[in-house]
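As structure tokens, the structure follows; a few thoughts come after it.
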Amino acid sequence: EDTEIPLTIELPSLVDQDQSEILSNITLFQIPDHVVLSAGIKNEDNTWTLTPDQLTSLTLTPGEHIADDFILTASITATETENSDSATTTQTISVDIIPVADKPTLVVTPGASGNEDTDIQLIISPPSLVDQDQSEILSEITLFNIPDHVVLSTGTQNADGTWSLTSTQLTSLSLTPGQHIADDFTLTVSVTATETENSDSATTTQTISVDIIPVADIPSWVVSPDTFGKEDTAIPLTIAKPSLVDQDQSEILSLITVTKIPDHAVYL
């Protein structure tokens with residue numbers, strides 16, 4: 001498929017012994033419209049006419065992405081010059097076009113971004129076949145290189161960490177990073193076209209860079225809301241050490257600030 005195919009047609013010869021006959025040009029019949037020969041003239045009735053010289057290195061080229069087999073007929077006529085009596089010889093050639101899978105069309109928006117702890121939309125158009133003879137089928141869409149903490153809004157997560165989706169599941173597809181994680185990553189989208197006749201396959205891949213915008217998380221902090229003590233004595237304040245809830249080590253804690261302390265009080 002999608003290559004030139006040689007046609008081996010030997011130069012015709014006359015069996016007449018008295019040189020009273022002449023040979024016509026060669027005519028080829030039953031050639032599909034999408035097929036083009038490397039030499040000769042295509043006639044209005046879709047036959048092709050060739051001179052004997054044009055048989056050398058003759059090839060045909062099928063239409064792009066078409067692998068339909070066909071049988072063509074080659075014909076040549078010998079004619080008596082004296083009375084125009086004629087005799088025709090025909091031969092057939094079976095043309096077997098071996099299917100070759102064509103890479104399917106896959107269009108994605110190469111970048112996706114969103115805030116940490118929110119859904120991030122992925123724009124992946126449903127893939128399509130470029131094959132013209134309906135001999136191929138599309139696989140499911142597979143997404144690779146997705147971190148373990150990320151979950152897609154639809155699809156099936158496989159044991160190897162990849163995700164499989166149908167074309168219909170691409171509508172409104174989104175991913176959700178793990179809570180409090182803002183690590184950027186690049187995922188790969190893949191789809192395969194397979195020839196039903198011989199299982200030949202071709203794969204198209206695209207990548208999407210996912211930018212997760214960090215959003216600061218309120219730190220964890222426990223304090224005792226009430227305390228008491230005697231006048232003119234130190235009164236303890238129970239304030240636990242604060243901690244980050246952030247999971248990707250992208251945040252730092254500020255100093256602890258205590259406000260609304262009366263002027264007469266002293267913090268020890």
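The values are calculated or read from the model by the stated rules, or taken from the named source; none is laboratory data. Everything numeric here is computed off the predicted structure, so don't read it as measured data. Cβ coordinates were reconstructed from backbone atoms using ideal geometry, including for glycine residues, and neighbour counts include every protein chain displayed.
May I ask you to say which residue of Leu50, Leu11, Leu23 is loosely packed, with under 14 Cβ neighbours inside 10 Å, more than 30 Å from Glu136 (Cβ to Cβ), among the hydrophobic types (A, V, I, L, M, F, W, C) and out of contact with any Cys (no Cβ under 7 Å at 6 or more places or on another chain)?
Sole residue among the options that is loosely packed, with under 14 Cβ neighbours inside 10 Å, more than 30 Å from Glu136 (Cβ to Cβ), among the hydrophobic types (A, V, I, L, M, F, W, C) and out of contact with any Cys (no Cβ under 7 Å at 6 or more places or on another chain): Leu11.
Only residues that are over 22 Å from Val266 (Cβ atoms) and either basic (Lys, Arg) or in contact with a strand residue (DSSP E or B) (Cβ under 9 Å, 6 or more places away or on another chain) (or both): list them for region 208-233, please. It would help to see each step written out before you state the result.
Pass one, region 208-233, residues over 22 Å from Val266 (Cβ atoms): 208-222.
Across region 208-233, the qualifying residues are Ile208, Ser209, Val210, Asp211, Ile212, Ile213, Pro214, Val215, Pro219, Ser220, Trp221, Val222.
Suppose we keep only residues that are charged (D, E, K, R) and assigned to a strand (DSSP E or B) within region 39-87. Which one would you say is modelled with the highest pLDDT? It comes out as Lys42. The set of residues in region 110-124 that are assigned to a loop (DSSP other than H, G, I, E, B) and under 13 Å from Ser174 (Cα atoms) comprises Asp117, Thr118, Asp119, Leu122, Ile123.
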